[in-house]
Every structure is written in C-alpha cells, then in structure tokens.
Amino acid sequence: MTRFDGSCQCGAVRFEFEGDPKWIAHCHCADCRRATGAAVSTYVGVELENVRFPAGAPSTYSSSEGVTRSFCADCGSPIAYQGERWPSEIHFFVGLFERAADLVPQGQVYEAERLPWLHIVMEGSGKKTG
Ligand SMILES: [Zn+2]
Ligand SMILES: [Zn+2]
C-alpha cells in the first residue's frame, strides 16, 4: 500500500496516510492566497479517516463560515484546509509532503481569481493556462 508522510517546517506537526489521495489540485482563490502568502495553493485531498497525526493535531483557525485552516503553532507552516462542504476530507498543502514530487495535480479551481502573471503547465496536458 502507498504511504505518504508530511510535516511542517520545524517538524512539530507530522501526519501520514496510507493509500492514494482522492484528488490533487491547485486553488487560485484569494482566500488561500492570504492564508498561505503564496501565489497558488496546491492541495492534496485525503479521506480524514485514513490520516494520522502521530505528534498530535495542529492548531486551527476558522477563516470563514464552515472553514477550518490548520497550522503549526511553533513555526507557522500552513498545514491543511477543512470545509463543511467536504466533511469526510482534509486538504493538505502539497509542499509539506516528503514525496511531493509524486503528488501530481490533476486540476485547478477558482481559475477566475488566478493571478494574471501566473501560468501553470499541467503535467501531461502540455497546455499552459491563462
Ligand atoms: Zn512547525
Ligand atoms: Zn482556495
């Protein structure tokens, strides 16, 4: 079975799951931009029941109605997004994973909010967006 491990920058928050992610996608929305400070947020959607936090759960912040964002209280790394719209899922930031190179995004959301100078080539499509 496939296994994925991730951690924040300082290592205080660690997580792992077995199996394949449900989906991997870039989000271009302004909310995610502010939450991370990055031009785009790439998420790995995982069934919450498959996830373990061996060192304890990360700190959380409610960024809007029904949305919980988690982060490391020690180093500040953003960890994940959880929304009431997807109650069984947790959406981790791809950059936290040891094997991030193996987690290839398949799609993009909120493209209308994409920064106009950001162009992403989707693996396999050979097509540039925007
Ligand atoms: Zn940390
Ligand atoms: Zn977003």
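General observations
- Put a dot 7 Å past the Cα of Asp5, heading toward its Cβ, do the same for Phe53, and the two dots end up 1.9 nm apart.
- When both segment 30-80 and segment 7-23 are represented by their alpha-carbon centers, they are found 11 Å apart.
- When you work out D = kT/(6 pi eta Rh) for the chain at 37 °C and 0.692 mPa s, using the Kirkwood radius from C-alpha pairs as Rh and the Stokes-Einstein form, the result is 216 µm²/s.
- Per-residue HN-Hα couplings for segment 24-36 [Karplus 6.51, -1.76, 1.60; θ = phi - 60°; Hz; x = Gly/Pro]: 9, 8, 8, 10, 9, 6, 5, 4, 5, 4, 5, 5, 10
- From phi via Karplus (6.51, -1.76, 1.60), per-residue ³J(HN,Hα) for segment 41-53 in Hz, x at Gly/Pro: 10, 10, 10, 10, x, 10, 5, 4, 5, 8, 9, 10, 10
- Kirkwood hydrodynamic radius of segment 56-130, from the reciprocal of the average inverse Cα-Cα distance over all distinct pairs: 14.7 Å.
- Ranked by how many other beta carbons lie within 10 Å on average, peptides 109-119, 93-103, 45-55 from highest: 93-103, 45-55, 109-119
- Close amide-amide hydrogen proximity is noted between Val13 and Cys8, each under 5 Å apart and 5 or more residues distant or on a separate chain (H modeled in the peptide plane; Pro and chain starts excluded).
- For Cys72, the amide hydrogen comes within under 5 Å of the amide hydrogens of Ser77, Ile79, counting only partners 5 or more places away or on other chains and with H modelled in the peptide plane.
A short reminder: the numbers here are calculations on the coordinates, not readings from a lab. Remember, it's a predicted structure, so these values are computed and weren't measured experimentally. Every residue, glycine among them, receives a Cβ derived from its backbone with ideal geometry; neighbour counts consider all protein chains shown.
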